[in-house]
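What follows is calculated from the coordinates using simple rules that are stated; it is not laboratory data. Since the model is a prediction, treat every value here as computed from it, not as a measurement. Positions of Cβ are generated from backbone atoms using ideal geometry, with glycine treated the same way; all protein chains shown enter the neighbour counts.
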Amino acid sequence: MRKVAFALVALMLMACGLRTVDSRPEAIVDVTPEMVVGTWRNAGRDATFVFAADGSMQALHVPPEFFLDFQYALTPDFDRNRDRIDAAGSWTLPGGKPSAPALVRNTVSLTFEPGGFIQNRGGVGLEVHGRGSQTMLQFRAIVFTKCPEPCAGGSGVSPSPSR
């Protein structure tokens, strides 16, 4: 009888745990260009990306973690404790159709152009996740959320008309 009671209590606790908001998995988002265009911000790092409809991208205070995957991306005089990285480049979605096997597009590919502290062209991808009605762009543990225009606490970054 004790085993049955224990099993019932364990099942009830598991069921309660599945109902909590925090345990909901993030949804995979079929990202479209219209979803990407705009200003995205990580307030904790004071980092901002501005994605334009023409595929150009500008950023302020890009975290140096974005440049770990391509060798010698940052100039030798870059100091991780002192310097911030401002960047320009382009963004794309992978292919015109959703990708297999899940038939979703959930990556925004970024290409950074040389300039400032960036000495070599290179790129990374931002994963797109959804939780409830919120869409997030994420690189490693760095999460960016889309700002309502104008971006609250924003950096004043605007897409360059020359790109």
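Using θ = phi - 60° and the Karplus curve 6.51 cos²θ - 1.76 cosθ + 1.60, what whole-Hz ³J(HN,Hα) does each residue of region 65-77 get, with Gly and Pro shown as x?
Karplus-based 3J(HN,Hα) across region 65-77 equals 4, 5, 10, 6, 8, 10, 4, 6, 5, 9, 5, x, 7 Hz.
Just grab the label-to-label distance for residue 109 and residue 149, each label 7 Å out from Cα along the Cβ direction, in nm (one decimal).
2.7 nm
For residue 65 and residue 120, compute 0.36 nm times the residue count separating them, minus their Cα-Cα distance, and round to one decimal in nm.
Stretched fully, the residue 65-residue 120 segment lengthens by 18.3 nm.
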